[in-house]
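As C-alpha cells, the structure follows; a few thoughts come after it.
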Amino acid sequence: MRIAVLELTSHPLPLLDGMPRTAQQIQAWIAPHLPEADFDVVGVVDGEPLPNDNDFDGVIVGGSEFGVYDVTQWMQPLRTFLERCRETRKAVFGICFGHQIMADVYGGRAEKAEVGKVVGARPFNFGGDNVDAFVWHQDQVTRVPSSARVAGSASHCPVGALDYDFPARSVQFHPEYRADHLRDLFTKGRGDLLSPAEADAGMSSVSSAKVSDDLAAFQAVELFRGTYVPE
C-alpha cells in the first residue's frame, strides 16, 4: 500500500526552525496504525508535482496557512488532482485545510468563519460521543457537499468532520498534533503568530484536554484498507 502525504504548509518563519513540518507529523500519527503502508511525502507547497494515478493507493491532504480562496501556483492543480481521485476512487483523507479544499472541490463551500481564529483544544461530538481534539484554524466548511454527510461537529464548528459517498473522509481538527508541539507554537508564536491572549487561552485549553494519540486513526485506516462503507 502506498500513501501520498501532501505537504501544503510552508515553513517561512525563523521561529519555526527545528520544528517538524505538517506532513512529518501526519506520517508519525498514522504510520503505527497502518504498518503495511509505505508513505511518500510530496512537497506540493515547495513546487513538487502531484503524484500520478499509478504512484499511490491513497492520499492524505494536510493543513495549510492558505485558504481555498487564495491564489497559489499549486491550488488549481490540487483541485484537479482531487477531482481525479474521485473519478478513479482513490481513497482521500483530509485534515483542516484538506477538509476545506475537499468540500470546496466536491460541491460545498469553505470560507473564513465568523468565530475567527480558534486554537488549542476543543470538544467534538461524534454520534453522541464527545472527544477532545487539537485545532488551529480560522476557516470552516460552511456548505456541505451533496455527496457528504456531517460525521462530527463542535459548538464552534458545525461541520467538524465529513464522510463522503465515495472513498473520502475529512476532519477540521488536527489528529496529528501533539500537546508538546502546540505548547511550543504558543510559546514561540506569542505576539507573532498569536496575540498574547490567544496564546494564553490556547495553552490553558491544551493543558486541560485529553486528546487521544489515535484520534481519527480508525477512520483513516478503514478508508485506506478499503473497509470503509459509506452510510
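Hey, can you find the accessible area per residue of the stretch 147-231 for me, probe 1.4 Å, expressed in square angstrom?
45
Report, to the nearest whole %, how much of the accessible area of the stretch 1-67 belongs to carbon and sulfur atoms, 1.4 Å probe, protein only.
Ligands and nucleic acids excluded, carbon and sulfur reach 49 percent.
Measuring from a point 7 Å past the Cα of Gln24 along Cα-to-C-beta, which residues in the stretch 168-201 have an amide N at less than 16 Å?
Residues passing the 16 Å test: 176-185.
With +1 on each Lys and Arg Cβ and -1 on each Asp and Glu Cβ, and nothing else charged, work out how big the dipole of the stretch 2-109 is about its Cα centre, in Debye to the nearest 20.
360
Want the number for Glu231 to Ser208: 0.36 nm per residue separation, take away the alpha-carbon distance, what's left? The partial results should precede the final answer.
Details: separation 23, 0.36 × 23 = 8.28 nm, distance 3.41 nm.
Contour length minus the Cα-Cα distance gives 4.9 nm.
Mind checking which of Gly58, Val42, Trp29 is farthest towards the positive end of the stretch 28-68's charge dipole, using Cβ charges of +1 (Lys, Arg) and -1 (Asp, Glu) about the Cα centre?
Checked the options; the winner is Trp29.
Report the full-extension gain for the segment Ala197 to Ser155: residue separation times 0.36 nm, less the Cα-Cα distance, to one decimal in nm.
Result for the pair: 13.1 nm of gain on full extension.
Quick one, which of (i) 0.95; (ii) 0.99; (iii) 1.42 is the actual Cα Rg over 2.2 N^0.38 Å calculated for this model?
(i)
Against the longest alpha carbon principal axis of the chain, how many degrees, from 0 to 90 and to the nearest 10, is the axis of helix 179-188 turned?
Value to nearest ten degrees: 60.
Whole number in Å², please: accessible area per residue of the stretch 21-115, 1.4 Å probe, ligands, DNA and RNA not counted.
45
With each label point set 7 Å from Cα along the Cα-Cβ vector, what nm distance links Ala179 and Asp165?
Between Ala179 and Asp165, the simple spin-label model gives 4.2 nm.
Grab the eigenvalues of the alpha-carbon gyration tensor for the stretch 25-122, scale each by 5, take roots, and send me the semi-axes largest first in whole angstrom. List each step's numbers first, then the result.
On the way: eigenvalues 102, 66, 34 Å².
Computed over the stretch 25-122, the values are 23, 18, 13 Å.
Give me the distance in nm between label points sitting 7 Å out from Cα along the Cα-to-Cβ direction at Glu65 and Ser146, one decimal.
Taking the simple label geometry, Glu65 and Ser146 are separated by 3.8 nm.
Of the residues Leu50, Leu182, Leu215, which exhibits the maximal mean-square fluctuation in a Gaussian network model of the chain defined by a 10 Å Cα contact cut-off?
Result: Leu50 has the largest fluctuation of those listed.
Give the percent of DSSP beta bridges with both residues in the chain that are antiparallel, rounded to the nearest 5.
Around 55 percent antiparallel, to the nearest 5.
Given a 1.4 angstrom probe, I'd like the percentage of the accessible area of the stretch 99-230 that is carbon and sulfur, rounded to a whole number.
Working: 2740 of 5750 Å².
That share works out to 48 percent.
Is any residue of the stretch 32-53 close enough, with backbone N under 11 Å, to a label point placed 7 angstrom from the Cα of Gln73 along the Cα-Cβ axis, and if so, which?
Zone members listed by number: 45-49.
The values are calculated or read from the model by the stated rules, or taken from the named source; none is laboratory data. What you are looking at is a predicted structure, and each value in this text was computed from that prediction instead of being measured. In this analysis, Cβ positions are derived from the backbone assuming ideal geometry, glycine residues included, and neighbour counts consider all displayed protein chains. The area values use the complete protein model at the heavy-atom level, side chains included, leaving out ligands, DNA and RNA. Shrake-Rupley method; radii C 1.70, N 1.55, O 1.52, S 1.80 Å.
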